[in-house]
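Encoded as structure tokens, the structure appears first; notes follow it.
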Amino acid sequence: MLELRDLGFRYPGSERAALHGINLQLQAGQCLGLLGSNGAGKTTLLSLLSGVLPLQQGELRWSATPRLGLVPQQLAFYAGLKVRENLELFADLYRLSGDERRQRLDQCIATCALEDKLSRRAEGLSGGEQRRLNFAIGLLQPADLYLFDEATVGVDAANRQALLGAIEQLSAAGKTVIYTSHYLEEVERVAQRILLLHEGQVRLDLDKRQLLGDDHGLLLEWPDAAPVGLQELLARLQLTVEVLPGGLRIPHLDGQQLLQISQFIAEQKQLPSLLRFGRPSLEQLYLRLNGGRL
Ligand SMILES: Nc1ncnc2c1ncn2[C@@H]1O[C@H](COP(=O)(O)OP(=O)(O)OP(=O)(O)O)[C@@H](O)[C@H]1O
């Protein structure tokens, strides 16, 4: 649905390009998780796609005229208007009418749990409530491509689940989504493909399953130090170990090795504070890839 060729952007007066040499093809129905540390260029990329910033260098090719829904990082509603007035105003801007207008409004209000906030002025809402209004306004727009920039910052855990559910529904309905967040467990949940930006360039672009792989390992942490004798056991089992703050990770092991480690642990006075067998999370991979600069 979208192809970027050698896209670049430099803010006026800035010495360094915020983005350069970005090549990317995005298929319809795909949810792309956009990662990168502060200043990596994520918002700049979304701003170029949504036309908030003018194209300076490179090409943006759409397969058809795009209908875009945007949930921007900067809150974008009328602070002095009530929640209901904001939603109606944006419904007018999106030219929604009749049944579709009512359905979309009802759905956005329910997803973002705004039912009891409708007669409140937007400026009087809490931070998380304002974020939910911002989200509702983006979701209200009938679009083929939805861009979410830090859309859940400050939203409480229960409401966050509802917003993520809405993103999964967009994907399931064949909508294309670009989702950027520093909450990597959210990106891991919604995205099928992961794009990592670093200093304005694409550092990594992979299918999520390919990235996370099925490299099952054992993650162990202790309240104090690891038990005496563990290192010897691991060496005897010929296992490689990654030392982490507070614990260690054994990236590859088979059932027998897992059993022997479990027996050793069971015989110790102090149990681990964390024992997890599985593949690494996106956050753990990200910290390894990006040198911990999230
Ligand atoms: N309006 C601006 N004027 C000048 N430079 C800017 C402007 N906005 C962003 N930049 C710079 O462009 C680079 C990319 O910024 P951008 O906001 O795209 O990063 P980001 O990945 O979205 O970061 P964050 O995770 O902090 O939101 C940074 O070096 C930033 O300082």
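The values are calculated or read from the model by the stated rules, or taken from the named source; none is laboratory data. This structure is a prediction, so every number in the text was calculated from the model and none was measured. Note: ideal-geometry Cβ built from the backbone for every residue, glycine included; neighbour counts use all protein chains shown. The area values use the complete protein model at the heavy-atom level, side chains included, leaving out ligands, DNA and RNA. Shrake-Rupley method; radii C 1.70, N 1.55, O 1.52, S 1.80 Å.
With all pairs of different C-alpha atoms in the average, the Kirkwood value for the hydrodynamic radius of the stretch 1-53 is 12.1 Å.
For the chain, with a Gaussian network of springs between Cα atoms less than 10 Å apart, report the residue from Leu259, Leu46, Leu105 with the top mean-square fluctuation. Maximum among the listed residues: Leu259.
Determine the sum of side-chain charges near Glu221: Lys and Arg each +1, Asp and Glu each -1, restricted to other residues whose C-beta is under 10 angstrom from that of Glu221. My count for the surroundings of Glu221 gives +2. Taking every lysine pair in the chain that is 8 or more places apart or spans two chains, those with Cα atoms closer than 22 Å amount to 4. Prolate is the label for the stretch 166-294, because the ratio a/c of its alpha-carbon gyration tensor axes (a ≥ b ≥ c) is 1.5 or higher and a/b is greater than b/c. Taken over the alpha carbons of the stretch 216-278 as equal point scatterers, the Debye sum produces base-10 log I(q)/I(0) values at 0.16, 0.24, 0.27, 0.30 Å⁻¹ of -0.44, -1.10, -1.47, -1.82. Taking all protein chains together and rolling a 1.4 Å probe, Ile109 ends up with roughly 10 Å² accessible. If you take all other residues with their beta carbon under 10 Å from the beta carbon of Arg193, and give Lys and Arg +1 and Asp and Glu -1, the sum is 0.
Dividing the mean sequence gap of close Cα pairs (under 8 Å, 6+ apart) by how many residues the chain holds gives a relative contact order of 21 percent.
Of all DSSP beta bridges confined to the chain, the antiparallel ones make up roughly 65%. Simple point charges give the picture: +1 on the Cβ of Lys and Arg, -1 on the Cβ of Asp and Glu, and for the chain a dipole about the Cα centre of about 440 debye. For Leu248, the shell of other residues with beta-carbons less than 11 Å away shows a net charge of -1, using +1 for Lys and Arg and -1 for Asp and Glu.
Applied to the stretch 146-156, the Karplus parametrisation 6.51 cos²θ - 1.76 cosθ + 1.60 on θ = phi - 60° returns per-residue 3J(HN,Hα) values of 10, 10, 10, 10, 6, 6, 10, 4, x, 7, 5 Hz, with x for Gly and Pro. Placing a label point 7 Å from the Cα of Ser273 along the Cα-to-Cβ direction, the residues of the stretch 215-254 with a backbone N closer than 13 Å are 220-226, 245-248.
Helix 83-93 and the longest principal axis of the Cα set of the chain meet at an angle near 70°. Taking every protein chain into account, the 1.4 Å probe leaves Lys42 with about 20 Å² of accessible area, to the nearest ten. Highest GNM mean-square fluctuation among Gly247, Gly98, Gly217, for the chain modelled with Cα contacts below 10 Å: Gly98. Compared with the dominant Cα axis of the chain, that is its longest principal axis, helix 127-140 is turned about 60°. With viscosity 1.002 mPa s and temperature 20 °C, the Kirkwood radius over alpha carbon pairs of the stretch 105-244 converts through Stokes-Einstein to a diffusion coefficient of 116 µm²/s. For the stretch 110-180, the carbon plus sulfur part of the accessible surface works out to 47%, probe radius 1.4 Å.
Pairwise Cα distances in the chain exceed 23 Å in 62 percent of cases.
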